[in-house]
1. Check 189, 185 and return the single one that is aliphatic (A, V, I, L, M), under 15 Å from the mean Cα position of the chain (by Cα) and in a helix (DSSP H, G or I).
2. Report whether or not residue 24 is outside the structural domain of residue 150 (by TED's automatic domain parsing) and of a type in the set (Asp, Glu).
3. Identify, from the list 174, 159, the residue that is out of contact with any strand residue (DSSP E or B) (no Cβ under 9 Å at 6 or more places or on another chain) and of a type in the set (A, V, I, L, M).
4. Looking at region 1-24 only, could you name the residues that are within 22 Å of residue 287 (Cβ to Cβ), out of contact with any strand residue (DSSP E or B) (no Cβ under 8 Å at 6 or more places or on another chain) and touching a residue at least 24 places away in the same chain (Cβ under 8 Å)?
5. Select from region 255-282 the residues that are outside any helix (DSSP H, G or I) and in contact with a Leu (Cβ under 6 Å, 6 or more places away or on another chain) and write down the one among them that is nearest to residue 152 (Cα to Cα).
6. Name the residue, out of 53, 49, that is under 23 Å from residue 128 (Cβ atoms), touching a residue at least 12 places away in the same chain (Cβ under 8 Å) and part of a loop (DSSP other than H, G, I, E, B).
7. May I ask you to list pairs of residues, at least six apart or on different chains, whose Cβ atoms are under 6 Å apart, with the first in region 252-275 being within 15 Å of residue 231 (Cα to Cα) and in the same structural domain as residue 20 (by TED's automatic domain parsing) and the second being among the aromatic types (Phe, Trp, Tyr) and crowded, with 21+ Cβ neighbours inside 10 Å?
8. Which number in (1) in contact (Cβ under 8 Å) with a residue 24 or more places away in the chain; (2) closer than 23 Å to residue 42 by Cβ; (3) among the small types (Gly, Ala, Ser) marks the one condition that residue 162 misses?
Amino acid sequence: MKLKDSPVTQHNVEGRSFYLKRDDLLHSHFNGNKARKFAALLDQHNPNISRLIGWGSAQANSLTSLAALARIKGWQLTYYVDHKPAWLDEKPMGNYRMALELGANIVSLSDQVDNLEKCHPSDFIQRQHGDDDSCLIVPEGGRFQLAEVGVQTLAREILAWARFEKNPNLKVALPSGTGTTALYLAKALHSEGIEVLTCPCVGGRDYLVKQFQELNEFDVHPTILQRDAKHHFGKLYQEDYAIWRLLYEQTDIEFDLLYDPLMWRCLLPWLAANPDATVLYVHQGGLLGNETMLPRYERKFGARDNSILSW
């Protein structure tokens, strides 16, 4: 199973042409930036490993990706979340539903720890599984140096496409959670003169730079685009919903509702200010998350038009 060579398609949005790296098509369950981050684990031969350990949100894209990885490798996934709402077990949805179908064991830390505020998940997991050689622990969101291997493969695909297409002034764009993919892409493409654009979806610029430095990367970073107003991760914004609908209507492509809208809200004004740039946008996959995000947006805003958009 080779997770590479996703196609590149061309689209127009608001009168601007852009290219789209379709990493959402890598695999039905194992796609987007998480497939790139975890590609090295898929390729590695680990005969002593029988259990994968991860943690994060009950609707994180990494949950499905880790569950798919474990299924492919013949491992068991134990995935820790802060807590599991009772309704989610009664009616599983999105990434949570798919992970259960793939055989994941999802454990609520609130059932294991008396005071979650005093116990970081990574500390608990290290105490529980750190000395077990049959367990492979993956940091939240795939923020680890091993992710560079799969991202380098993505960079090589981009370079091969760019040399064939001969697009001048090429920029590669993608949103950031921990920023791991954007960081390693920038590092890999820097010597070729290709700039990587990203935006912080979880915290601000300072948070993202700190994430880069904690991976011991201080020299080459992606260019960070950021809106003036603070954007709270996971909060519903009418502007995010509107631009998501706009993208779908103008490209016939479904994007992720959690990360992609903010990136496009940063990217469209940047494109207006840089009309000579050729943009290759890397699709983030993660569409299972829309199974829960879209009903929330529809309940709050309904089927609105895009007139509220402004750059």
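1. None of the others qualify; the one that does is 185.
2. no
3. Going through 174, 159 in turn, the sole match is 159.
4. 1, 3, 4, 5, 13, 24
5. 282
6. 49
7. Pairs that qualify, where the first residue is within 15 Å of residue 231 (Cα to Cα) and in the same structural domain as residue 20 (by TED's automatic domain parsing) and the partner is among the aromatic types (Phe, Trp, Tyr) and crowded, with 21+ Cβ neighbours inside 10 Å, are 257/244; 261/244.
8. The number of the failed condition is (2).
The values are calculated or read from the model by the stated rules, or taken from the named source; none is laboratory data. None of the values given here were measured: they were computed from a predicted structure. Cβ atoms come from the backbone with ideal geometry, glycine included; neighbour counts cover every protein chain shown.
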